[in-house]
1. Has segment 57-68 got any residue that is under 19 Å from PRO119 (Cα atoms) and crowded, with 22+ Cβ neighbours inside 10 Å?
2. Given ASP174, ASP147, which one is under 20 Å from LYS71 (Cβ atoms) and out of contact with any Asp or Glu (no Cβ under 8 Å at 6 or more places or on another chain)?
3. Of the residues in segment 189-200, how many are closer than 26 Å to ALA114 by Cα, of a type in the set (Ser, Thr, Tyr) and either within 15 Å of the chain's Cα centre (by Cα) or part of a helix (DSSP H, G or I) (or both)?
4. Quick one: SER179 ticks every box in (1) modelled with pLDDT of 95 or more; (2) on the phi < 0 side of the Ramachandran plot except a single one, so which number is it?
5. Going through segment 166-188 one residue at a time, which ones are assigned to a strand (DSSP E or B) and either more than 17 Å from the chain's Cα centre (by Cα) or of a type in the set (Ser, Thr, Tyr) (or both)?
6. Of the residues that make up segment 82-97, is at least one at pLDDT 95 or above, farther than 22 Å from ILE150 by Cβ and out of contact with any Pro (no Cβ under 7 Å at 6 or more places or on another chain)?
7. Among (1) over 14 Å from ILE175 (Cβ atoms); (2) at pLDDT 90 or above, which single condition is VAL66 missing?
8. Hey, can you tell me all the residues within segment 149-165 that are free of Cβ contacts under 8 Å to residues at least 12 places away in the same chain and part of a loop (DSSP other than H, G, I, E, B)?
Amino acid sequence: MEQNKPYPWSSCGSDKEIAGCRFSLAVMSDQYVDKILGALGRVDTSHVWSATDLLSTTYRGHQTNVINTVKDLFVEVNDGETHITLEATLSKGCPGDVEEDIPMKLAPTKVVSASKKFPVHVKFSFYPMGEGDYMAHIAHIVNLAIDKGIYDRPSHYATQLYGDVNELFDYFHDIMAYSDEHLDHFVYQITLSVNSPSLR
């Protein structure tokens with residue numbers, strides 16, 4: 001790498017309070033376009049910054065609002081029959097982030113999807129950035145899932161979870177709360193799956 005050349009994001013920098021989630025929905029149906037765009041259109045995104053491009057959708061704002069909006073979308077798109085997956089990357093504290101178009105006011109705690117219940121399979125990987133003892137933080141996050149009864153099993157390069165959609169998204173909130181207290185920058189990646197034909 002060329003020495004002394006500035007990073008492309010050298011002019012960036014943002015408040016650590018900004019959280020973001022970039023995700024892609026996969027709906028295994030001939031009507032996938034209508035199902036995905038319909039769900040995106042029905043979900044209230046007034047408390048997050050939202051943008052959809054050719055590859056994925058991004059929500060940015062207060063971490064609680066971001067996670068709740070992703071949850072509402074996932075619940076909204078699930079019809080109980082169609083195999084659906086959601087791949088998401090959540091991040092907070094990135095030095096390359098920017099402060100643009102971000103609604104940071106915490107929304108009311110009521111979540112539209114809170115009354116819906118269904119089982120979800122999840123794999124996730126947690127990355128504490130810039131931490132020397134990063135494995136201790138990862139161990140804490142995994143042990144938290146064990147304590148909550150949603151830990152399924154380990155797998156190569158990821159941990160697998162299984163539980164009700166509400167339990168799992170509560171856990172994602174808990175990851176954020178722990179990371180806020182102990183880390184400057186962190187990323188975690190999740191894949192959620194419902195109604196998989198492999199379960200038959």
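1. For segment 57-68, residues under 19 Å from PRO119 (Cα atoms) and crowded, with 22+ Cβ neighbours inside 10 Å: present.
2. ASP174 is the lone residue from the list that is under 20 Å from LYS71 (Cβ atoms) and out of contact with any Asp or Glu (no Cβ under 8 Å at 6 or more places or on another chain).
3. Within segment 189-200, residues that are closer than 26 Å to ALA114 by Cα, of a type in the set (Ser, Thr, Tyr) and either within 15 Å of the chain's Cα centre (by Cα) or part of a helix (DSSP H, G or I) (or both) number 2.
4. The single condition SER179 does not satisfy is (1).
5. Just the residues of segment 166-188 that are assigned to a strand (DSSP E or B), to begin with: 186-188.
If the condition is that a residue be assigned to a strand (DSSP E or B) and either more than 17 Å from the chain's Cα centre (by Cα) or of a type in the set (Ser, Thr, Tyr) (or both), then TYR188 is the only one that fits.
6. Checked segment 82-97: at least one residue is at pLDDT 95 or above, farther than 22 Å from ILE150 by Cβ and out of contact with any Pro (no Cβ under 7 Å at 6 or more places or on another chain).
7. Condition not satisfied by VAL66: (1).
8. Of everything in segment 149-165, just one residue is free of Cβ contacts under 8 Å to residues at least 12 places away in the same chain and part of a loop (DSSP other than H, G, I, E, B), namely HIS156.
The values are calculated or read from the model by the stated rules, or taken from the named source; none is laboratory data. Since we're looking at a predicted model, the values are computed, not measured. We place every Cβ from the backbone using ideal geometry, glycine too, and count neighbours over all the protein chains shown.
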